[in-house]
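Novice: The structure that follows is given in the form of structure tokens.
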Amino acid sequence: MSQPKKREIEIVTNEKSDASDQLDEAKGKQAVLYRFRLRHKKIQTEITSCSKLIDKEEEICVSKMPPRLRDGDLVHFSHRHPLLRFHLKGTDVIRCNMCTIIISGVAYGCDCCRYFLHEVCSNIPKRIRHDFHPMHSITLLPIPSIALWHSKVESEFCCVACGYDNSLFSFYYHCDLCKFDLHLECASVTTKLIHKVKYPLDLFTSFPLKSEGATLLCCICNQVMNRQSAWLFYNREFDYICHFECAAEEEVGVIGDQSFLSEVQKSLLLQKSCSGQQQKLEKLGEVIHFSHRHPLKAIKQTNKASIMNCCMCSNQALSGYICQLCNYFIDETCFPLPRRIQHHFHPNHPLILASYNDPPKSKCRACGHEEGAKYRCSTCKFSLHRCCAGAPMTFTLGTNKKVSYKLLYSYPYDGEMAVIKCSGCSSELNSKESFMYYNFDLDEVVHVHCALNRETDSYDTMFVLASERLKSIKIEEDHS
């Protein structure tokens, strides 16, 4: 074949190759454009489908900024954007993000994020005080989607009232300090039911018939009662016992309709944290303490025959605070103790005050003794007596010759094999890993409890000093 013909063939081949490449490129662009159009069409379809909810001039795409707040709109804690006021029809099939029920009527929503709330759900309070968790307010936590809600509850969440994880609502009440969780609908159930149930019923957080050996059946559903978990309702006079959820459904009504939502909202609003509650109690001569669900009244007795044991530390006392309903008594030295502290030796977790008989039994990390009220970390199985927790960082002993000691959390010489004795009581240390006061110049060790006992002339004074010192490491509570 001649040289010119070869060149012509190569040129034609190259032209075909270029044309093929251009065609492939055009097809690729067309494919991308097609996918974009499909996506754009889908977005436009979604926007068009919700055009019935708002006026045409207010239509907004997902990519646009949310609208500014206007009169009648709502700023709600569960969403970062303002919620506009809408009037929806049931045929629009828009579900409330709080209760998952289809909205029919007035609602608040962010069309930018497809987030909507019933008007009644938008008024459910963010924080409430529950009768069986009076020490802290419990906070309503929103879950962004039902799918996330179900994945959360299956792994972590369990309502303390009914014992179940699944719920009508995608919100629940939670106390982060105590890991106390309540379904929103369970939190709305009052502690006494009197309206629609067969007999007046009182709420119990634990099984009231401790010595009963027979299997007990719920008087409403006829199923076995669980003795170990979940709350229940009981009438002693008529021996009428029933599951928490069975009694609640009888009292509140059909779950899932508008009247049910209204009843839930009204009940929760009554439990809303009230700033004037403490003042009302003070007028009655009563106070609230985090260790008990009922108000306490101050008492001061002079007759030693009337001496009482403190439910917090087990010490005997004539004066303190008592619950006239339960006979719960806490003495004057335990009453001012903070509920939670952050100790220098245990900085990663807060320590929470526990009474002397709260399980499990544990030894104080500072002195090695078990008895008495303690501050605990349940995660680390760590405990400190109130006095040991409040022990000062430096301590001075002696009358004529003052000797200063430094608080150490273990013996400073790791390899020491000799027996180390306390210069105060002459007994050996319980453990070289316990707390102690140490003077490096004199090489003297003093037990923490020996130093604190020598500081005062009575246990009461020592406990009062501990309360004062613990204020500096107290964690402030949220009483809002």
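Novice: Using a 7 Å offset from the Cα along the Cα-to-Cβ direction at both residue 262 and residue 91, what is the distance between the two label points in nm, to one decimal?
Specialist: 2.5 nm
Novice: Please report the orientation-averaged projected area of the range 391-480, defined via the convex hull of its C-alpha atoms, in nm².
Specialist: Quarter of the Cα hull surface area: 7.7 nm².
Novice: Only bridges with both residues in the range 403-480 count here: give the DSSP antiparallel percent, nearest 5.
Specialist: Expressed as a percentage, antiparallel bridges in the range 403-480 total about 100.
Novice: Also: How would 433, 416 line up by accessible area, probe 1.4 Å, largest first?
Specialist: If we order 433, 416 from most to least accessible, we get 433, 416.
Novice: Quick one: plug the Kirkwood hydrodynamic radius of the range 338-421 (C-alpha pairs) into Stokes-Einstein at 20 °C, 1.002 mPa s, and report D in µm²/s.
Specialist: Taking Rh from Cα pairs, D becomes 148 µm²/s.
Novice: Taking 0.36 nm per residue of separation and subtracting the Cα-Cα distance, what length does fully extending residue 297 through residue 318 add?
Specialist: Gain on stretching residue 297 to residue 318: 6.2 nm.
Novice: Using the heavy atoms of the protein chains and a 1.4 angstrom probe, tell me the accessible area per residue for the range 68-128 in square angstrom.
Specialist: 48 Å²
Novice: At a 1.4 Å probe, what is the % contribution of carbon and sulfur to the accessible area of the range 393-441?
Specialist: Using a 1.4 Å probe with all protein chains present, the range 393-441 comes out at 49 percent carbon and sulfur.
Novice: Please find the FRET efficiency linking residue 381 to residue 304, where r is the Cβ-Cβ separation and R0 is fixed at 45 Å, and quote it to the nearest 0.05. Numbers along the way, then the final one.
Specialist: On the way: r = 39 Å, r/R0 = 0.86.
After rounding, the FRET efficiency stands at 0.70.
Novice: Would you mind computing, in nm to one decimal, how far apart the modelled labels at residue 114 and residue 358 are, each placed 7 Å from Cα along Cα→Cβ?
Specialist: 4.6 nm
Novice: At a Förster radius of 60 Å, what calculated FRET efficiency corresponds to the Cβ-Cβ distance of residue 190 and residue 456, to the nearest 0.05?
Specialist: 0.80
Novice: Over 25 Å between Cα atoms: which of 401/421; 192/297; 192/300; 381/471; 126/374; 210/361 fall into that group?
Specialist: Long pairs (Cα-Cα over 25 Å): 192/300; 126/374.
Novice: Roughly how many Å is it from the Cα centre of the range 320-339 to that of the range 152-211, as a whole number?
Specialist: If you average the Cα positions of each part, the centres end up 27 Å apart.
The values are calculated or read from the model by the stated rules, or taken from the named source; none is laboratory data. Everything quoted here is computed from the prediction, not taken from an experiment. As a convention, Cβ positions derive from the backbone with ideal geometry for all residues, glycine included, and neighbour counts pool all protein chains shown. These area figures cover heavy atoms from the full protein model, side chains too; ligands, DNA and RNA do not enter into them. Shrake-Rupley method; radii C 1.70, N 1.55, O 1.52, S 1.80 Å.
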